[in-house]
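Following: one structure in structure tokens, then a few remarks.
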Amino acid sequence: MKKLLLLTALIFSAILFFIFLEPTRDIKAKSGNQDIVYVGKIADAAHVTVGNAIWTGKDIILTDVFTIRNENMSMKFLKFDPQQNSTEKILELDGLGDRKAAVWTGKEILIFGGIVTDSAGRYLPTDLIVSFNPETYELKVLNVTLPYPAADISAVWTGEYAYLFMKSRNSDTPEVWRFDPKNSLMEKLNVDYPEGFDNPGFTVHSAVWFDGSIFLFYKDRIARFNPSEGSFVWLETKLPTKQPDAWTRAAVATDDGIYVIGGSNGFTNFTDEIIRFDPETGDANVMKSRLPTPRGGAVAVWDGRYVYVVGGWSSRMYLNEILRFDYRKSG
């Protein structure tokens, strides 16, 4: 039954998004320094959204790619080859689902929670944990679950564990859980969030692992969680952004610090800013490089050389584009 729930159609939440938005449009990136370039579409469709982007060391896997083409809805996993700038479908699900968290362990992609439909046709969060093998394209439901059904989870892989920042719909208190895939063990950590950090869903695509700590970008604030110390605190540094309430930001760790990309307050207050945060010095600076279109809800991934910014939305349209950002050329 759980496998059926995972793959069963999720139409309601998708329709709520698309009712208010125009069809996807292609926007060519423009940059005087050629530091941000358009490298292709996500998919050939009228509407496209992307749940997560994962770098496996060889390819970029795009999970939960929801598309509408000729009035047909589908959910896919895609593989983007950064050498060829080409995308191909590697899995198409029978049903639809969204708002999942995903991490790469070095062997598999672990997918946590999300929204599914139950046997009565209601759209509810799930407690499923799913494994996807990008080599064999095998998708399987694990025999361990989340502590409760949840969507809008911030998940970060640290090399041995996945740390989940989440909140039950029956509680006002957010929690930190640690998942050990080797032993199929889910453990709640005895740690309190910094005061005012009440919604982990604000950091779904803007929580990253860097040099022994997890950094979560919450609106214009930065929280640091150190797993070895068990500390969870606000940093003094704030993002120097013109949109301090924007929360649909993308963040990605590189060899040159963490880049925080775009953002919006839902479907308003969009920004085209790219901000570099240096965890070692605590400095945060707005880059000269700007996104070609202000956007929120994008996902970002680093392949060891470039940052790729995938999808997102701007005003009344979804963005069917993959951008390549050469941060070494940016100032």
Exercise for the section: Would you please list the contacts, defined by Cβ atoms under 6 Å and residues six or more apart or on different chains, that run from a residue in segment 81-92 that is within 16 Å of residue 320 (Cβ to Cβ) to a residue that is small (Gly, Ala, Ser) and open to solvent by less than 80 Å² (accessible area, probe 1.4 Å)? Expected result: 85/40
Handout entry: Every residue from segment 173-187 that is closer than 17 Å to residue 218 by Cα and assigned to a loop (DSSP other than H, G, I, E, B)
Key = 173, 174
Practice task
Kindly indicate whether residue 191 is part of a strand (DSSP E or B) and either open to solvent by 30 Å² or more (accessible area, probe 1.4 Å) or at pLDDT 95 or above (or both).
Solution key: no
Fill in the blank from the handout: When every residue in segment 139-160 that is within 19 Å of the chain's Cα centre (by Cα) and part of a loop (DSSP other than H, G, I, E, B) is compared, the one surrounded by the fewest Cβ atoms within 10 Å (Cβ to Cβ) is 159
Completion exercise
Scanning segment 124-138 residue by residue, the ones that are within 21 Å of the chain's Cα centre (by Cα), surrounded by fewer than 18 Cβ atoms within 10 Å (Cβ to Cβ) and part of a strand (DSSP E or B) total 3
Exercise for the section: Take segment 161-172 and flag every residue that is in a loop (DSSP other than H, G, I, E, B) and either in contact with a His (Cβ under 7 Å, 6 or more places away or on another chain) or within 17 Å of residue 101 (Cα to Cα) (or both). Expected result: 161, 167, 168, 169
Exercise for the section: Determine whether segment 310-318 contains at least one residue that is farther than 20 Å from residue 59 by Cα, charged (D, E, K, R) and either modelled with pLDDT of 95 or more or surrounded by fewer than 24 Cβ atoms within 10 Å (Cβ to Cβ) (or both). Expected result: yes
Fill in the blank from the handout: The residue that is nearest to residue 194 (Cα to Cα), considering only those in segment 262-272 that are polar (S, T, N, Q) and either without any contact (Cβ under 8 Å) to a residue 12 or more places away in the chain or open to solvent by 20 Å² or more (accessible area, probe 1.4 Å) (or both), is 265
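Let's see how each residue does on (1) of a type outside the set (S, T, N, Q); (2) open to solvent by 30 Å² or more (accessible area, probe 1.4 Å):
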position	(1), (2)
166	yes, no
205	yes, yes
228	no, yes
234	yes, yes
Problem - strands (runs of 3 or more DSSP E) (entirely within segment 209-328) containing at least 3 residues that are aromatic (Phe, Trp, Tyr) - result: 213-218
Handout entry: Within segment 169-188, considering residues that are of a type in the set (S, T, N, Q) and farther than 24 Å from residue 63 by Cα, the one least open to solvent (accessible area, probe 1.4 Å)
Key = 171
Practice task
Would you check which residues across segment 88-121 are open to solvent by 30 Å² or more (accessible area, probe 1.4 Å), modelled with pLDDT of 95 or more and more than 26 Å from residue 164 (Cα to Cα) and list them?
Solution key: 88, 89
Fill in the blank from the handout: Scanning segment 64-111 for residues that are touching a helix residue (DSSP H, G or I) at 6+ places or on another chain (Cβ under 7 Å) and assigned to a loop (DSSP other than H, G, I, E, B) gives 94, 95, 96, 97
Fill in the blank from the handout: Within segment 281-294, residues being on the phi < 0 side of the Ramachandran plot and over 22 Å from the mean Cα position of the chain (by Cα) number 4
Exercise for the section: Name, by its number, the condition in (1) aromatic (Phe, Trp, Tyr); (2) modelled with pLDDT of 95 or more; (3) surrounded by fewer than 23 Cβ atoms within 10 Å (Cβ to Cβ); (4) closer than 21 Å to residue 203 by Cα that does not hold for residue 259. Expected result: (3)
Exercise for the section: Sort through 303, 245, 326, 278 and tell me the only one that's of a type in the set (D, E, K, R), surrounded by fewer than 23 Cβ atoms within 10 Å (Cβ to Cβ) and under 17 Å from the mean Cα position of the chain (by Cα). Expected result: 303
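The values are calculated or read from the model by the stated rules, or taken from the named source; none is laboratory data. Keep in mind that this is a model prediction, so the values were computed, not measured. Using ideal geometry, Cβ is built from the backbone for each residue, glycine included, and neighbour counts are taken over all protein chains shown. Quick note on the areas: whole protein, heavy atoms, side chains included, nothing else; ligands and nucleic acids left out. Shrake-Rupley method; radii C 1.70, N 1.55, O 1.52, S 1.80 Å.
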